[in-house]
Amino acid sequence: MATLAMNEKSTSAGKSRVIAIIAMFFLFAMISFVTNLAAPLGTIWKVHYEWAGMVGNFMNFLAYLFMGIPAGHLLSRIGYKKTAQIAMVVGLVGLVLQWLSSLVGAETIIAGISLNYYIYLLGAFICGFCVCMLNTVVNPMLNLLGGGGKKGNQLVQAGGSLNSLSGTFTPLLAGSMIGAITASTAMTAVNPLLFIAMGVFVFALLVISAVQIPEPNLRKDGKKVKYSHSPWNFRHCVLGVVGIFLYVGIEVGIPGVLIFYLSDTAVSGLGENAVAIAGSIAAMYWLLMLVGRLFSTAISGAVSSRVQLVTVATVGICLVVAAILTPASVRVSMPVLDINVGIFTTEVPISAMFLVLCGLCTSVMWGGIFNLAVEGLGKYVPQASGIFMMMVVGGGVMPLIQNWMANTLGYMISYWLVVAMLGYLLFYGLIGSKNVNQDIPVDEDSEEAVMDAL
């Protein structure tokens, strides 16, 4: 009887674990969905305010600056489960606010801007808090649910694949729903996507609330460790922090401005279906990021992070320069998927193809920069992770600057900013990533660590 009871208990725990893993996969996809929804929505607001294209994206990433380190503290104080629950509630609030921006406030003008745009920006900012918290939760939680080691890493990689797939379909679906951009185009066009997102968040919240989640890192002694040094004392870490800030700007800026470029029929030469085509082309960028991540996973055992980073930065520079220098009159046929029409091919400026191929390069950069920046940090890695999460704000700042350049100087000229950022990553891979501070003690049991009450 005792054996039977133990088997039943083990089976129940196994089912709970599988359900929790599925929920985490959904959340991994939602991180990408919330992040990549900003650029397509920007095409709507850009009709009403020319400068507004990337502001929603900026608000989404600005939240990382405020929430990066606090999210890490939440994990140690209340655990993975409660942090994930809070994140999902926050995400629901943000999505509801974005939905409300399609219903109220259009007639109320404050400082020359309609109230509904302020509501949308507030929703985007709150969604940024959600995504930041989920980013700090999902990766380690999947690793825990997998039991750590290779199986834990497998789950993380599987979740990352869903993240890329979500990034592929979000601009595709949003672009198809928005359709032709006119003066009457409004947020109501994408309300179905927002409702789906709300439903997934509610489902994941209910599931996570019902299952047991391991909490090995939950602080129970009311103590914290302070050290005489920090990640800021390591040159290669500081330069890596700058690299992450610029990298996220590259990753978001390339497809974001590409959507605006292709949606502008006067420049791209595309017809009334330009927004749907733009969303589909941008989706290919995220799909190639998935391909790049899978390929990098396969070769990482034999090829170092430094070699991968140097290679993709070099190739990325070549692709972006080619996109800038090739005139829009040079065109290439690319496949397009429009949910209203189906699959068809259309001719687009070949620059779009060069920029889409950059997805293969950007897919490798986050892992490469992070691995090089924390190499040799030992006990300072958790602190460095919080700093890196804050620097994701670069995904809001740099695309905003690039969008300003696109509006004032031209779409393709704005990509010189991307070339400069890729140049920095090339420098970091070749020179900046070398650890020149190996004299700093990094062992956990070094005598410099002192215990202080919270």
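Points to keep in mind about this one:
- Region 393-422: number of residues that are open to solvent by less than 50 Å² (accessible area, probe 1.4 Å), in a helix (DSSP H, G or I) and either at pLDDT 90 or above or touching a Gly at 6+ places or on another chain (Cβ under 7 Å) (or both): 15
- Residue 366 vs. criteria over 22 Å from residue 426 (Cβ atoms) and in contact (Cβ under 8 Å) with a residue 60 or more places away in the chain: no
- Matching residues in region 378-389 - criterion: being open to solvent by 10 Å² or more (accessible area, probe 1.4 Å) and out of contact with any Pro (no Cβ under 7 Å at 6 or more places or on another chain): 378, 379, 381, 382, 385, 386, 389
- Exactly one residue among 332, 321 is assigned to a strand (DSSP E or B), more than 21 Å from the chain's Cα centre (by Cα) and modelled with pLDDT of 85 or more, and that residue is 332.
- Residue within region 49-59 that is open to solvent by 30 Å² or more (accessible area, probe 1.4 Å) and part of a loop (DSSP other than H, G, I, E, B) present: yes
- Test: residue in region 351-366 that is farther than 21 Å from residue 290 by Cβ, assigned to a helix (DSSP H, G or I) and among the hydroxyl-bearing types (Ser, Thr, Tyr): yes
- Set 375, 347: member being closer than 16 Å to residue 244 by Cβ, among the acidic types (Asp, Glu) and either out of contact with any Phe, Trp or Tyr (no Cβ under 6 Å at 6 or more places or on another chain) or crowded, with 21+ Cβ neighbours inside 10 Å (or both): 375
- Top-ranked residue of region 81-95 - restricted to ones that are open to solvent by 20 Å² or more (accessible area, probe 1.4 Å) and touching a residue at least 24 places away in the same chain (Cβ under 8 Å), ranked as farthest from residue 118 (Cα to Cα): 81
- Filter result (part of a helix (DSSP H, G or I), of a type in the set (Gly, Ala, Ser) and more than 25 Å from the chain's Cα centre (by Cα)) within region 247-273: 266, 268
The values are calculated or read from the model by the stated rules, or taken from the named source; none is laboratory data. Keep in mind that what you see is a predicted model, and the values were worked out from it rather than measured. In this analysis, Cβ positions are derived from the backbone assuming ideal geometry, glycine residues included, and neighbour counts consider all displayed protein chains. The area values use the complete protein model at the heavy-atom level, side chains included, leaving out ligands, DNA and RNA. Shrake-Rupley method; radii C 1.70, N 1.55, O 1.52, S 1.80 Å.
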